[in-house]
Amino acid sequence: MPTPSRRRAPEEPALTAISLQSRRLAATGHAVELHGTVVHSRVSRVVAGLCVIVAMITLLGLVWPKLGAAACLLCLGALTADLDGGRSPVRWLWARRAHRTLLVNPPRPREQPPAHHVLVVLPDEADRPSPTRRTLLLPAGLLALAVGPLLALEAWEQAPAAIFGVAALSLAAATALRLWPQRPEDPSSGLAAAERLCAALEQRPAGDSLHVTVAVVGGLLPWFDGLEILLLNHRPRFPPSSTLVLVWAPEAGQLQAVADEGLLRRGAAPGALLDAARAAGLPACAHLPEATAARRARRLGWRALALSGARGEPQRLVEAVEALLRQLHPGQGR
């Protein structure tokens, strides 16, 4: 009697595209590496879970109002980290999905490890608009709304309507966000930029002291999990003291260097990297409310600069990176 065979689940389009691109680059002689990673899939699922937490906290406040208010304040503090490109402990409650990160090096062997690195980070989902983490303002507002009644009202038997109203609003928001249709990922633009950039890097002089690695990072949006795992797992290979990180944040409009970013706690890029970007002819964005993956890299100890804009135009990115590399020197950005 034949044994039933287990059907293999189909891969997501992003995973399939990354695998195919790695084979094409390897066939042209590039040193290609595929690394597994785990990432949060989409912002709406996390926000929906946070709304459920709001409902649980407000219901808890019916019995222990001070404990519920303290839980609200703790969650608000965690959300401020997420709003500015950090990692809050609240997101540990949600499972992550498997994904991949592609590393590509020029097809020139080196006898010794390079002394200076430039890591160019590209998102695999560069063809879609970046989901804004400002969606987190919804559960943050609900938490702030719940703190007042929990601290001010003493006769809880007279205020169940207000508490249950906040809980019902939280559950309704969680349901709406969970059922909101998601746009499928299209990784073609990010991978096209990686292929063109690798072709351009082949023309760099062999004696150049800067070794450039192109990284197509899975799960770069919306929480930058893939970049954090890549940097921490390869810290000896890309040490912060000798590695510059250039991050492409594809948005509508012209390509520009981001000088300052963050919604609540702003963080500035290294001045030397900004000077090199200006010398390369890139305009500087004074402030970007939406934090990028460069902010996460700087929080981890790396010197990083974000290049925002040129969504759907990988050739503009390649030209800007080439011009920027010509302005960089060993030790730049200290």
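Other residues within the sphere of radius under 12 Å centred on the Cβ of residue 319, judged by their own Cβ, net out at +1 (K and R +1, D and E -1). The magnitude of the dipole of region 189-247, with charges of +1 and -1 set on the Cβ of Lys/Arg and Asp/Glu and taken from the Cα centre, is near 100 debye. Dipole size of region 262-334 about its Cα centre, with +1 on Lys/Arg Cβ and -1 on Asp/Glu Cβ: approximately 420 debye, rounded to the nearest 20. Given +1 at the Cβ of Lys and Arg, -1 at the Cβ of Asp and Glu and no other charges, the dipole of region 195-334 around its Cα centre is 460 debye to the nearest 20. With neighbour counts taken as other beta-carbon atoms within 10 Å, the residues 213, 80, 28, 101 rank, fewest first, as 28, 80, 213, 101. Only one residue of 272, 259, 238 has its Cα farthest out toward the positive end of the dipole of region 232-288, where Lys and Arg carry +1 and Asp and Glu -1 on Cβ, and that residue is 238. The relative contact order of region 234-316, computed from alpha carbon pairs under 8 Å that lie at least 6 residues apart in sequence, is 47 percent.
Just so you know, all these numbers are worked out from the coordinates, no wet-lab data involved. These numbers were taken from a predicted model, which means no experiment stands behind them. Neighbour counts are summed over all protein chains in view; Cβ atoms, including those assigned to glycine, are modelled from backbone coordinates with ideal geometry.
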